[in-house]
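What follows draws every value from the coordinates through simple rules; no lab data is involved. Please read these numbers as outputs of a predicted model, since none were measured by experiment. In this analysis, Cβ positions are derived from the backbone assuming ideal geometry, glycine residues included, and neighbour counts consider all displayed protein chains.
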Amino acid sequence: MVGVIGLSGTLVGAGVAFAGVVYQQGRQAGLLRAERREALAHQAVDTMMAELEKVRALAWSVPHGQEDPPDFGEALGRSMDVVQLAALRLPDRELREAIEAACVLGFGDEESFRAQVDLQVRRIVMGAMVWDVQKCLGAYLRQEARPDTTFLFQARDYYYSMIQARRP
């Protein structure tokens, strides 16, 4: 009888220990996945910040009223592609959607968006929208509340209103 009680106690102890190990391994794996996602998001933010600086320089390279250099559209398109792909790694859905909309609208290069915000000076709209994204990405990295923006979330709303208007 004592042997049966001892054996059952050993089996219960082994079962509890095994369950504890399985739980810890699952938790550890979850933490590692979360850390990896966070590291990829930070890497994406770094990529976007660098590319946005290119967009800012490009926007200010063309004085108001002057024709675009021949490679302007191509350079802007390359930067938008990089930013759009990197934005896919952001876990913040609203910010990700706003950045995607800003890319589609060329960060204010799109004439219809400039008409929507009633400001035709392209470089000012582009520069302000780039700054909006950079402020939001910085707040994301610091885990702060999203700051007020000038054009970024207007761009998202405008973009989605265009999509809704095209639906039958």
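Can you list the HN-Hα couplings for the range 94-109, worked out from phi with the Karplus curve (6.51, -1.76, 1.60; θ = phi - 60°), rounded to whole Hz and with x for Gly and Pro?
5, 5, 4, 5, 5, 5, 4, 5, 4, 5, 4, 8, x, 6, x, 6
Would you mind calculating the relative contact order of the chain from Cα pairs under 8 angstrom and at least 6 residues apart, reporting the percent as a whole number?
Taking the mean separation of contacting Cα pairs over the length of the chain, I get 21 percent.
Which GluC sites (Glu not before Pro) in the range 74-168 sit in a loop by DSSP (not H, G, I, E or B) and have at most 12 other Cβ atoms within 10 Å of their own Cβ?
In loop regions of the range 74-168 (DSSP not H, G, I, E or B), the sparsely surrounded GluC sites (Glu not before Pro) are Glu144.
Could you give P(r) for the range 39-166, binned at 10 Å from zero, as whole percent values over all Cα-Cα pairs?
Going from the shortest bin to the longest, the percentages are 13, 48, 32, 7, 0.
Taking other Cβ within 10 Å of each residue's Cβ, how do Arg37, Arg122 sort, fewest first?
Going from sparsest to densest Cβ surroundings: Arg37, Arg122.
In whole Hz and in residue order, list the ³J(HN,Hα) couplings for the range 37-43 that follow from phi through the Karplus curve 6.51 cos²θ - 1.76 cosθ + 1.60, θ = phi - 60°; x for Gly and Pro.
With the stated coefficients, the range 37-43 comes to 4, 5, 5, 5, 5, 5, 4 Hz.
Quick check on the exposure proxy: order Leu88, Leu52 from fewest to most C-beta atoms within 10 angstrom.
Details: Leu88 10, Leu52 22.
Ordered by Cβ neighbours within 10 Å, fewest first: Leu88, Leu52.
In whole Hz, what ³J(HN,Hα) sequence does the range 70-80 give by Karplus (6.51, -1.76, 1.60; θ = phi - 60°), x for Gly and Pro?
Karplus values, whole Hz, x for Gly and Pro: x, 9, 4, x, 5, 5, 5, x, 4, 5, 5.
What is the mean projected area of the alpha carbon convex hull for the range 57-98, to one decimal in square nanometres?
If you wrap the Cα atoms of the range 57-98 in a convex hull and average its projections, you get 3.7 nm².
Can you tell me what the convex hull of the Cα atoms of the range 1-48 projects to on average, as an area in nm²?
2.6
May I ask you to sort His64, His42 by Cβ crowding, counting other Cβ atoms within 10 Å and putting the fewest first?
His64, His42
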